[in-house]
Amino acid sequence: SFRLAAWHSCLFVASTLLIFIVAYMMVSSSLERRDRDAIEAKLNEYAAEYQSGGLEGLKQKVIFDSQHMGKTLFVSRVARPDNTTLYLRAPGSWKFDSKQLEHEGIAAKQWTHIPVDDSEDDGDNDTDRLEVAALRLPDHTLLQVGSITEERDDLLERFAAIYAGLVVPFLALGLIGSSFLSFRAFRPIRYLVDSLRSIVATGNLSARVAVDGNSEEVDELSGLFNSLLDKIEALIRGMKSSLDNVAHELRTPMTRLRGVAELALQPEASSQLLRDALANCLEESDRILTMVNTMLDISEAETGAMKLSMESVNVSQLVEQVVELYSYVAEDKKIAISTTVPKELCVTADRNRLLHVLANLMDNAIKYTPDGGKVDLTAVPNREEVVIAVTDNGVGIAADERSKIYDRLYRGDKSRSERGLGLGLSLVKAIAEAHQGYVEVSSEVGHGSQFALHLRAGPLS
């Protein structure tokens with residue numbers, strides 16, 4: 001806040017100084033133009049008088065001007081072509097070296113300045129300047145007319161004095177105003193910093209930054225910060241829930257492994273019992289390994305680390321392969337499987353990953369469809385994408401569960417009786433997004449569900 005106030009004050013002073021310089025130059029230029037216009041007018045007037053009345057006429061004109069103006073405001077000089085003075089008239093109070101007017105260089109210049117001392121001034125010892133204009137007449141006579149710049153210099157000095165007198169209070173006012181505005185501007189930031197320190201010190205993510213509505217930008221920052229805390233808190237809750245689910249899912253196979261091992265270690269265990277125990281251990285180990293590998297695949301897909309072997313995949317052939325894999329399971333449950341896929345429909349995807357996705361969707365459809373039901377697989381082109389849908393007439397999904405079915409290890413009430421890991425739909429969603437696609441679900445309890453996989457038809461960027 002202090003640095004900001006100091007910078008504001010410096011900027012304020014620099015701005016006022018710049019304004020003063022510009023104003024000073026404009027006033028000085030205007031006054032100089034006024035004085036020079038007056039000198040040029042008098043020079044032309046005297047030149048006309050000299051040409052019409054000669055030297056005597058010019059003298060009378062100068063005397064006339066001095067009488068009617070109260071005092072002679074101009075110095076007048078007439079010189080021969082060789083620059084020797086014929087006539088010189090100046091106010092008696094003006095003290096200057098008249099020989100400077102006879103300098104050959106002055107005659108060649110339109111304007112020149114000569115220092116002059118006015119003994120009748122206000123008592124100061126400052127030396128004024130005599131501003132002189134020269135004009136060469138047709139007979140080569142040199143005419144010079146000048147006037148001192150005392151009035152102009154005094155006015156500019158007063159102008160500068162006024163600025164100097166005002167800059168100090170203006171500087172103080174600017175510093176006070178900048179400090180106040182900086183304090184007000186940074187107050188919401190201090191609240192934000194205090195909240196961050198409290199969260200870091202206590203680890204309490206439920207704390208939120210107050211939004212007072214006084215600053216749109218800071219309020220937006222506070223709102224975004226609160227939203228970030230909400231997301232972090234939700235992620236932590238999700239992580240805790242996932243860890244709880246992992247622990248729960250691992251406990252069952254680990255308990256079975258321990259029970260089988262204890263049974264095999266019995267002294268009276270036969271060779272057949274040992275072989276059965278080893279077989280059960282392999283089965284449970286495969287279940288654990290499948291769950292871990294699936295979770296790793298989901299993480300790789302979500303973070304973009306999954307390696308995809310992209311190629312042109314014929315959707316019809318892929319659907320036939322999936323139907324062939326689950327034909328025996330569907331036959332056991334007397335579930336009819338139908339497919340509607342154009343023969344030449346293709347997508348650019350990783351064949352094995354896409355096969356895994358369709359297999360998971362097909363497995364769920366058959367698993368949650370009662371005996372005698374049906375499952376339809378369709379694929380249609382839709383503008384720049386291909387939509388592959390798996391539709392069943394099974395138990396359906398409750399509305400309050402649809403937003404959770406893609407969570408890792410989540411299993412709805414109706415799915416807990418079925419064997420599974422609760423990772424299939426999580427993997428489907430992750431792989432679809434890794435292909436720059438997405439999956440959507442529509443379902444009605446008691447009437448079945450439809451999972452639609454949307455993939456880009458063209459090559460991926």
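Annotations
- Helix-only arithmetic for the chain: the sum of -39500 (n - 2.57) across DSSP H runs with n ≥ 4, divided by the residue total, places the mean residue ellipticity at 222 nm at -20000 deg cm²/dmol.
- Our compactness index for the chain, the C-alpha radius of gyration over the empirical 2.2 N^0.38 Å, is 2.21.
- Using a simple spin-label model with pseudo-atoms 7 Å out from Cα toward Cβ, residue 84 and residue 170 lie 5.8 nm apart.
- Checked against a 21 Å cut-off, the cross-linked pairs 367/429; 367/404; 307/429; 333/404; 61/95; 374/429 give Cα-Cα distances beyond that limit for 333/404; 61/95; 374/429.
- Cβ-defined net charge surrounding residue 33, 11 Å radius [Lys, Arg +1; Asp, Glu -1]: -1
- Whole-number accessible area per residue in Å² for the chain, which is evaluated in the context of all protein chains at 1.4 Å: 59 Å²
- Given charges at beta-carbon only (K, R positive; D, E negative), |dipole| of the chain in Debye: 1100 debye
- In segment 127-209, Cα pairs under 8 Å separated by at least six residues give a relative contact order of 16 percent.
- Within the accessible area of segment 223-307 (1.4 Å probe), percent carbon and sulfur: 62 percent
- DSSP-defined antiparallel bridges as percent of all bridges, the chain, nearest 5: 90 percent
- Dipole of the chain, positive direction: furthest Cα of 338, 62, 225, with charges on the beta-carbon: 338
- Histogram of C-alpha separations across segment 302-448, 10 Å bin width, %: 11, 41, 37, 11, 0
- From phi via Karplus (6.51, -1.76, 1.60), per-residue ³J(HN,Hα) for segment 38-54 in Hz, x at Gly/Pro: 5, 5, 4, 4, 5, 4, 5, 5, 5, 5, 5, 5, 5, 5, 8, x, x
- Computed from Cα atoms, the angle from the helix 150-202 axis to the main principal axis of the chain rounds to 10 degrees.
- By average C-beta atoms within 10 angstrom, highest first, the peptides 169-182, 313-326: 313-326, 169-182
- Rg to Rh quotient for segment 4-46, alpha carbon positions, Kirkwood Rh: 1.45
- Largest to smallest in accessible area, the residues 129, 197, 383 fall in the order 383, 197, 129 (1.4 Å probe, all protein chains included).
- Other residues lying with their Cβ under 14 Å from the Cβ of residue 235 contribute a combined charge of 0, Lys and Arg counting +1, Asp and Glu -1.
- Projecting the Cα atoms of 133, 381, 318 onto the charge dipole of the chain (Cβ charges, centred on the Cα centre) puts 318 farthest toward the positive pole.
- Residue 3 paired with residue 240, simple spin-label distance in nm, labels 7 Å along Cα-to-beta-carbon: 4.0 nm
- Computed about its Cα centre, the charge dipole of segment 124-214 is approximately 1280 debye, with only Lys, Arg, Asp and Glu carrying charge at their Cβ.
- Against the chain, whose longest principal axis is taken from its Cα atoms, helix 271-303 shows a tilt of about 20°.
The values are calculated or read from the model by the stated rules, or taken from the named source; none is laboratory data. Predicted model, so just to flag it, every value in this text is computed and none were measured. Positions of Cβ are generated from backbone atoms using ideal geometry, with glycine treated the same way; all protein chains shown enter the neighbour counts. Note: accessible area is taken over every heavy atom of the protein model, side chains too, but ligands, DNA and RNA are not part of it. Shrake-Rupley method; radii C 1.70, N 1.55, O 1.52, S 1.80 Å.
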